[in-house]
1. Under a plain spin-label model, where a point goes 7 Å from the Cα along Cα-to-Cβ, how far apart in nm are Asp317 and Ala38?
2. Using unit Cβ charges (K, R positive; D, E negative) and no other charged atoms, how large, in debye to the nearest 20, is the dipole of the chain about its Cα centre?
3. Order the peptides 328-338, 473-483 from the highest to the lowest mean number of other Cβ atoms within 10 Å of their residues.
4. With both bridge residues required to lie in the chain, what share of the DSSP beta bridges run antiparallel, to the nearest 5%?
5. By how many degrees, between 0 and 90 and to the nearest 10, does the Cα long axis of helix 60-73 differ from the longest principal axis of the chain?
6. Multiply the residue separation of Glu409 and Asp310 by 0.36 nm, subtract the distance between their alpha-carbon atoms, and state the gained length in nm to one decimal.
7. Taking only Cα atoms, what is the 0 to 90° angle, nearest 10, from helix 193-211's long axis to the longest principal axis of the chain?
8. Return the long-range amide H neighbours of Glu418 (sequence gap of 5 or more, or a different chain), with a cut-off of under 5 Å between placed amide H atoms.
Amino acid sequence: MLGRAWVSAYAEQDEVFNRPEDLIGKILHCRGIDGDAAREKFLNPSIKEYMPDPSVMRDMDVAARIIADHIAAGDKIAIYGDYDVDGVTSTAVFVKYLRALGGDVMWHLPTREGEGYGLNIAAVEDIAGRGAKLLITVDCGISGIAEVARAKSLGMSVVVTDHHSPDSELPAADAVVNPKRTDDTSDMCYLAGVGVAFLTLVAVNRELKNRNLPQLCDKISEINLLNYLDFVALGTICDTMPLVGLNRAFVATGLKVLGLRQNMGLCVLMDVAGIKKPSVYAAGFALGPRLNAAGRLDSAAPALELLLTDNTLIAYDLAGKLHRMNQDRIDIQNAIMMRANEMAAAAPSDRCSLFVCGENWHGGVMGIIAGRLKDKYNLPACVATKADGVINGSGRSVAGVDLGRIIHEALAAGIVKEGGGHAAAAGFTLDADKEDSFREFLERGARAQLNGQPPAREVMVDAELDAGGANMRLVNMMGALEPFGQGNPEPTLVLRGGRFKSAVVMGGGAHLRGTIATSAGTTLAFVGFNLVGTPVGDFLLDDANANTTITLLGRLKENEYNGRVSAQFFLEDIAV
């Protein structure tokens with residue numbers, strides 16, 4: 001009814017499952033998980049099973065030796081991060097580790113508006129002036145050719161750890177750890193910046209243990225790096241990295257660590273955000289936006305300080321500040337979103353990309369708005385702000401369009417003067433007089449990758465089943481497929497044979513809740529968010545349609561109400 005094609009993920013499109021075991025097996029098969037060993041590993045994503053030897057990454061052993069040398073010498077070490085959640089958590093794991101060793105550590109997070117993404121010369125010179133002997137970049141640095149050269153000229157050793165796509169030339173650092181290097185054979189390009197930082201710490205920790213230094217042995221023995229995985233999970237989820245391979249283990253274990261509430265700052269932030277049970281959703285849509293708010297509006301320093309503090313009063317003060325900043329961010333975002341929507345709606349209907357640019361929009365919300373436009377129009381979308389003759393923007397992409405590649409090609413073509421990113425997200429800076437050139441370049445690049453056709457409006461269906469099989473037994477079995485997220489989405493199901501009973505409006509008039517009768521003689525409750533005013537909502541709210549047999553598309557979840565747990569269907573579309 002919502003005009004999207006329902007596309008089956010498996011070949012036997014007419015196959016309707018009655019047994020949950022068969023359905024789970026088919027979902028795993030469609031996600032490339034076949035064989036008993038592979039299934040067991042996927043369903044039990046432990047760090048032990050997925051953790052590689054960090055040495056598989058190019059320059060990792062060199063980086064570990066350099067960092068260990070400076071730790072052993074008692075040198076001041078500077079950690080240079082980024083202002084988003086990935087950058088903040090990457091900085092936090094390094095600072096926390098070095099502090100646990102009693103090291104002399106300082107950190108720097110650039111401001112989005114004042115300094116922009118990545119290394120900058122002024123900050124590098126300030127770090128050197130404050131006595132740092134080693135500069136470690138996390139979630140940035142791969143494009144900092146001039147800045148790394150300046151750091152080296154000032155006498156600092158430099159270790160770059162990053163996960164963004166490199167340019168043709170790598171910075172002349174003492175070590176460059178990045179799985180996206182063309183000469184890196186680790187097959188770990190899916191890692192977030194915090195994942196690369198964590199693996200680097202594993203290598204450093206091993207190097208220090210092997211050296212058996214008397215002044216560090218006791219401190220190293222007290223460190224459990226697994227306790228840092230709450231940070232790693234947060235950064236991985238919030239940077240929308242695919243939850244496959246090692247990332248799957250990072251997030252599964254990290255959410256368990258988060259649930260232990262060992263980190264004072266995250267414990268308090270969960271309380272402020274009303275989170276009782278950690279999940280991918282809670283991390284991505286409650287904790288992440290609050291941690292991101294500081295870097296979007298001002299400086300990310302309060303977010304990092306929250307992750308590092310052990311003081312309850314300071315934690316509550318910082319968490320409250322982040323909560324208020326997030327609300328300010330929402331207000332600013334909503335105002336800009338209205339205008340961006342109008343501009344996007346006026347673009348040609350046969351376009352393969354979107355680019356909207358406004359005067360003096362707040363740069364901190366460009367990525368969020370790009371994501372909203374991407375979801376609404378099913379197109380790669382770039383949103384930018386123009387001020388003082390310069391355009392700064394962010395983009396979010398759809399499957400089939402590598403936006404990072406397009407930005408790198410625009411950089412090589414001289415249209416963009418700064419930029420980078422990965423397939424799903426990118427950032428860029430260009431002169432205002434090249435706005436039209438960028439719009440045309442983006443459209444050509446997206447159209448070429450899509451073979452000249454706008455992306456189809458479709459939704460991938462993992463499996464079809466009789467509505468009578470949608471029960472708590474199936475909910476519990478599908479729980480083994482978690483964590484869900486980018487690269488491992490929550491299964492989308494089609495329920496057949498349900499007889500529509502009734503529906504009512506809830507949630508201030510935008511949402512629906514109702515029930516269907518199943519062939520098993522049971523009743524299944526459903527909720528439908530933002531469906532009022534759509535063809536689906538119009539159909540379900542019409543009493544004349546009661547007792548009609550309908551086919552439902554959506555996701556099956558656990559619902560707890562007044563202590564009673566039951567299965568509930570999150571409705572996204574119907575067919576009659």
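Bear in mind that the values in this text are calculations on the coordinates, not laboratory data. Since the model is a prediction, treat every value here as computed from it, not as a measurement. Virtual Cβ from ideal backbone geometry, glycine too; neighbours counted across all protein chains shown.
1. That separation, rounded to one decimal, is 5.4 nm.
2. In total the dipole reaches around 1000 debye.
3. So the order, starting with the most tightly packed, is 473-483, 328-338.
4. On the way: 48 of 83 bridges.
In the chain, DSSP labels about 60 percent of beta bridges as antiparallel.
5. 50 degrees
6. Details: separation 99, 0.36 × 99 = 35.64 nm, distance 4.52 nm.
Result for the pair: 31.1 nm of gain on full extension.
7. It is inclined by approximately 50 degrees.
8. Thr429
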